[in-house]
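Here's a structure for you.
The values are calculated or read from the model by the stated rules, or taken from the named source; none is laboratory data. The structure displayed is predicted, hence computed values, not measured ones. Here the Cβ positions follow ideal geometry from the backbone for every residue, glycine too, while neighbour counts run over all protein chains shown. The accessibility values were calculated without ligands, DNA or RNA, using every heavy atom of the protein model including side chains. Shrake-Rupley method; radii C 1.70, N 1.55, O 1.52, S 1.80 Å.
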Amino acid sequence: NDSMADGTTAHPFRTIQSAIDWAAADSTRPRVVCVAAGGACGNTATYAESVDMAAGISVYGNYRTSDWTRCTNSTTIIQPARAEGVLFDDTISLHTVLDGFRVDRFTATTTAAVTVDGALNVILSNLVINNTPTVTNSWGIKLINGAEAMIMRTRVDAGNGTSESIAIRSGGSLPRIVDNCQRFYVAGRCDMGCGSPGPALRGRSTTGTGTTWGVLLRDSP
């Protein structure tokens, strides 16, 4: 209940955004928001809300409310109702993490699941972005305006845009793309196909129109 929550396990927030806002309002409050998938492990919960991240407030999914421990077999879904998806804006310069979520792209002409707009010290990890709305430009993670983000242990599919489909699109920004593979062989090369359920970055995987990339670096250092 957002109006009665106090940041404790006994009185949790109903929405992710209210928890972030509460934590960010006072520097003495916790710097981590734990998001539940249900009362027990193996559950799935969907948060249909647009999330604005705050500097230094990290958000982790897949907890259970019975004792607020983290599960390995739960699914916590964010469904933003806007084209930017989950937003890291240019007020963010402190270490800020989004970890352990499936993020669904909104149906808009141009859409992204996560937008890093001028933010620094961002970490995107253990995410799944694989829904395929019918749109013109479908992007998984978008970095713009000098943004810097580490992207790791993440599954991003480009989607099915009729003009562009891009898993990671960087314009004038610096993505650090690390360890997005389910398995490596002895020489260090990824030897798992992009269709595997684990971490992977891939372009459009179905027949369609337009151009596609797994990763597009445009004017990026």
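Scan the range 114-122 and give yes if some residue there is in contact (Cβ under 8 Å) with a residue 24 or more places away in the chain and surrounded by fewer than 17 Cβ atoms within 10 Å (Cβ to Cβ), otherwise no.
Going residue by residue through the range 114-122, those that are in contact (Cβ under 8 Å) with a residue 24 or more places away in the chain are 114-122.
Now restrict to residues that are surrounded by fewer than 17 Cβ atoms within 10 Å (Cβ to Cβ): 121.
The answer is yes, given that some residue of the range 114-122 is in contact (Cβ under 8 Å) with a residue 24 or more places away in the chain and surrounded by fewer than 17 Cβ atoms within 10 Å (Cβ to Cβ).
Here is a follow-up. Among the residues of the range 1-28, how many are open to solvent by less than 70 Å² (accessible area, probe 1.4 Å) and not polar (S, T, N, Q)?
The total comes to 13.
Just checking, does the range 85-94 include any residue being open to solvent by 10 Å² or more (accessible area, probe 1.4 Å), in contact with a Phe, Trp or Tyr (Cβ under 9 Å, 6 or more places away or on another chain) and either more than 22 Å from I177 (Cα to Cα) or at pLDDT 95 or above (or both)?
No: the range 85-94 contains no residue that is open to solvent by 10 Å² or more (accessible area, probe 1.4 Å), in contact with a Phe, Trp or Tyr (Cβ under 9 Å, 6 or more places away or on another chain) and either more than 22 Å from I177 (Cα to Cα) or at pLDDT 95 or above (or both).
Checking G61 against (1) open to solvent by 30 Å² or more (accessible area, probe 1.4 Å); (2) in contact (Cβ under 8 Å) with a residue 24 or more places away in the chain; (3) out of contact with any helix residue (DSSP H, G or I) (no Cβ under 6 Å at 6 or more places or on another chain), which test does it fail?
(1) is the only condition that G61 fails.
So, one more: I'd like to know if the range 98-107 contains one or more residues that are within 22 Å of A5 (Cβ to Cβ), touching a helix residue (DSSP H, G or I) at 6+ places or on another chain (Cβ under 7 Å) and buried (at least 17 other Cβ atoms within 10 Å of the Cβ).
So in the range 98-107, the residues within 22 Å of A5 (Cβ to Cβ) come out as 98-101.
Pick out the ones that are also touching a helix residue (DSSP H, G or I) at 6+ places or on another chain (Cβ under 7 Å) and you get none.
No, that holds for no residue.
A further question on this structure: Take the residues in the range 149-194 that are charged (D, E, K, R) and within 14 Å of V114 (Cβ to Cβ); name whichever of them is most open to solvent (accessible area, probe 1.4 Å).
The selected residue is R169.
Condition first: under 16 Å from the mean Cα position of the chain (by Cα) and either open to solvent by 50 Å² or more (accessible area, probe 1.4 Å) or in contact (Cβ under 8 Å) with a residue 60 or more places away in the chain (or both). Now tell me which residues in the range 33-57 satisfy that.
Answer for the range 33-57, where residues must be under 16 Å from the mean Cα position of the chain (by Cα) and either open to solvent by 50 Å² or more (accessible area, probe 1.4 Å) or in contact (Cβ under 8 Å) with a residue 60 or more places away in the chain (or both): C34, V35, T46, A48, D52, M53.
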